[in-house]
Amino acid sequence: MKKTTTILLALAALAMPALAGTETYSNKNTQSVSTECPQWYADNEFNLTLSGAYAFTANSYRNDQYLGVDHAWGGSIDAKYFFHRYFGLGVQGTLLSVNGRDFSDDGFFRIDGNEDRHAVGTALGTFTLRFPITCSRFAPYVWGGGGGIFGGGHNHDFVLDSTAPLGVIRREFHESNAKTMAQVGAGFEVRITPHIGWTNDFSWNIVSGSHNNFGMARTGVNFAF
């Protein structure tokens, strides 16, 4: 009996360190699991984005009635305030360098005329929905906006020309005017730090009239405050 009691006490003494070690490992494991992910996107965050822009028209330059070119390069600036990390209000401005061309039409042939370089700008109010991926630097976003576009547009007149088959020529040329426009787009941001990110997006721009729409791709740097 004494021998049995001695053996049980010895086993209990050996088991106690083992149980204590298991408990310590459990605590360490629990602490590792409960570590919070870094927050790359914040509530009440102001964003300022500077981007390069490339625009292309839905129609060929001969049929487009506003930009009057197949493509144009420029720059864009966005200022947004996110009341919550998932949505924000902002303003956007874009300036495109347009290299257009006047032309004339005698009823049978269309002849390109003088080159015309000018700038086209947009000013919009925007609403953005942002979707930060948990524990990730990556955040897709979509937005919609509305405002105005200025600096583009065309006009035409007719002139008598005895050398033309019909005796008259139709001339079309750039004439600056402003129009209303709407914009929808989608893109993504990758945060390099909690305050600096890389953005890429694409938007479709709907300008008054069915022959004026254009797409625009942008890439840039975002500063978050």
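The values are calculated or read from the model by the stated rules, or taken from the named source; none is laboratory data. Here the structure is a predicted model, which means the values were calculated and not measured. Here the Cβ is made from the backbone with ideal geometry for all residues, glycine too, and neighbour counts use every protein chain on show. We work out accessible area using only protein heavy atoms, side chains counted, and drop any ligands, DNA or RNA first. Shrake-Rupley method; radii C 1.70, N 1.55, O 1.52, S 1.80 Å.
Taking all protein chains together and rolling a 1.4 Å probe, HIS118 ends up with roughly 40 Å² accessible. The 3J(HN,Hα) values that the Karplus relation (6.51, -1.76, 1.60; θ = phi - 60°) gives for region 126-132 are, in residue order, 10, 10, 10, 10, 10, 10, x Hz. Gly and Pro appear as x.
Packing, taken as the mean count of other beta carbons within 10 Å per residue, orders the peptides 189-195, 86-92, 213-219 from highest to lowest as 213-219, 86-92, 189-195. Remark: accessible surface ordering of ARG137, ARG130 (largest first) is ARG137, ARG130, probe radius 1.4 Å.
Residues ARG62, ARG117, ARG85, ordered by accessible area of protein heavy atoms at a 1.4 angstrom probe radius and largest first, appear as ARG117, ARG62, ARG85.
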